[in-house]
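As structure tokens, the structure follows; a few thoughts come after it.
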Amino acid sequence: MRGPRVLALSSPIYAHTLNAVPFLEGLTARGAEVHHGVATPWVGSLAVAAPDGSVHDTGPVPPFSPPGGRVRDVSARYAWLVADAVTRVRTVVRLVEEVRPDVVLTDSLGHAGALAAERLGVPWVSFGDGPLHFPDALTPPFGAGLPYRTPQPWVWRNTVVQVASRRVVMARAQQGYAALRASLGLPRRDVPVLEASLSPLLHLHCGAPELEYPRADLPDHVHFVGALRPPGPTGWRRPDWWDEVVAGHDGSVVLATQGTLRDDPAEVLAPTLAALRATGRAGVLTTGSGDPARLGGPGVVPDRLAGGPPRHGDGAGGARGPVAVERFVPYSAVLPHAGVFVTNGGWTGVLLALAHGVPVLQVGSTEEKADIGRRVEWAGAGLHLGGSRPRPRALARALARAEGTAYRAGARRVAASLATRDPGRDGAELVLGLLGQGWTNG
């Protein structure tokens with residue numbers, strides 16, 4: 001008798017695609033046959049470590065140009081996701097018919113996968129790798145970047161903003177999603193597009209309850225499964241500067257990242273570099289798709305590019321700490337030595353930092369990132385610093401605050417909860433339990 005067959009169908013975003021891998025690895029270890037439908041640019045890299053024939057091409061990624069402004073950016077991004085699903089869903093339907101899975105796995109933005117599964121009557125499981133989308137009267141609406149407050153005026157605010165979000169901010173995406181359902185012969189659903197791809201059977205949420213706002217009516221099929229640890233590029237080796245920058249500043253080095261969607265260093269990395277130089281701190285900055293040369297890398301940044309000597313009394317005895325800039329460094333390699341993690345707010349990186357007990361300083365208000373920063377702040381595990389291009393002096397002050405005793409303790413509390421959970425193990429067991437196949441403890 002064959003094991004269960006699982007088909008993961010990812011949205012056209014690299015981070016979300018990569019985040020499905022730990023679940024698939026956990027299922028494979030428990031005897032499942034796994035397949036992964038991914039957008040064209042990532043077929044080759046994912047196929048390297050996957051069983052032959054298990055990675056399937058679902059089509060190219062359409063271009064996206066951020067329009068500028070947080071509200072317009074959120075609106076355009078979700079309209080773009082729905083428009084992508086319109087062109088991707090036909091290929092995905094054919095793939096489901098070809099693979100004939102027992103269950104489909106999608107990320108919470110995987111509209112094409114969820115709709116194909118619904119169209120063909122295949123059960124689907126969703127996983128969340130961002131703020132939890134399930135609504136609640138006390139929870140600030142997604143994308144608003146508002147803090148969690150329970151007094152009645154704030155609850156009224158939530159209701160007003162939620163209505164405005166659905167009728168204005170998400171209007172294009174909502175209309176596109178309704179039209180797509182109709183084109184597939186599916187019945188109309190009066191559900192916000194943000195919740196449309198959340199499974200009614202099983203939702204695996206990456207994170208911990210301590211990092212989410214309380215909800216009075218969270219469905220029983222929602223389970224927190226811990227911090228994602230997606231695979232990185234193979235063959236990475238510690239660079240020549242490692243001992244000078246990281247090992248030489250164990251416990252205090254600052255790790256900073258620009259994220260995977262946005263590559264303008266002026267938003268996070270350039271202000272962080274200036275703040276580190278002004279305070280004499282050591283740091284590791286990763287640019288992702290951006291060019292390290294824009295910040296004086298790759299490697300250790302020369303002093304002449306850093307904006308002058310530290311001010312008197314800043315840093316350890318006024319000593320200047322080295323700062324290295326690279327396109328990629330595994331977070332898991334640096335975080336055991338880090339004092340704080342500076343990020344635009346990518347969920348996977350935030351969870352990894354907190355899993356290591358490292359406080360988080362989330363910078364900026366693009367996409368849903370401010371929502372993530374607010375959750376970190378609410379959990380007492382770090383700070384949110386708004387604005388798209390913070391002043392280095394303000395960022396330096398926020399860095400010092402984030403490393404305070406209270407935020408370190410908050411990060412350790414979240415780390416303790418995350419340590420009891422594992423997406424590959426817990427997610428696989430929950431999926432197999434849903435299928436009635438039973439499971440073995442991993």
Net length gained if the chain between W156 and T87 were fully extended (0.36 nm per residue, minus Cα distance) = 21.0 nm
When the accessible area of the chain is split by element with a 1.4 Å probe, what percent falls to carbon and sulfur?
-> 54
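Can you list, largest first and rounded to whole Å, the semi-axes you get for the chain by taking the square root of 5 times each eigenvalue of its Cα gyration tensor?
37, 25, 21
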With a Förster radius of 51 Å, plug the Cβ-Cβ distance of A164 and A333 into 1/(1 + (r/R0)^6) and report the FRET value to the nearest 0.05.
-> 0.75
Span from the region 1-42 Cα centroid across to the region 44-112 one, whole angstrom | 13
Centroid-to-centroid separation of region 161-201 and region 394-418 [C-alpha atoms, Å] | 37
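Once the Cβ-Cβ distance between R215 and A293 is put in as r, and R0 is 41 Å, what FRET efficiency do you end up with, to the nearest 0.05?
So the FRET efficiency works out to roughly 0.35.
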At 7 Å along the Cα-to-beta-carbon direction for both R188 and E98, put a label point, then send me their distance in nm to one decimal.
-> 3.6
Measure off 7 Å from each Cα along the Cα-to-Cβ vector at T420 and R149, then give the distance between these two points in nanometres to one decimal.
-> 3.3
Grab the Cα-Cα distance for R391 and R238, subtract it from 0.36 nm times how many residues apart they are, and report the gain in nm with one decimal.
-> 51.9 nm
What does the accessible area per residue of the chain come to in Å², with a 1.4 Å probe and no ligands, DNA or RNA counted?
-> 42
Relative contact order for the chain using alpha-carbon pairs under 8 Å, separation at least 6, rounded to a whole percent?
-> 16
Describe numerically, in nm with one decimal, the distance between label points set 7 Å from Cα along Cα→Cβ at A49 and at H223.
-> 2.3
Can you tell me the alpha carbon radius of gyration of region 328-398 divided by the globular rule-of-thumb value 2.2 N^0.38 Å?
-> 1.03
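The values are calculated or read from the model by the stated rules, or taken from the named source; none is laboratory data. Quick caveat: nothing in here was measured; it's all calculated off a predicted structure. Don't worry about glycine lacking a Cβ; one is built from the backbone with ideal geometry, like all the others, and counts go over all protein chains shown. In case anyone asks, the SASA skips ligands and DNA or RNA and just uses the protein heavy atoms, side chains included. Shrake-Rupley method; radii C 1.70, N 1.55, O 1.52, S 1.80 Å.
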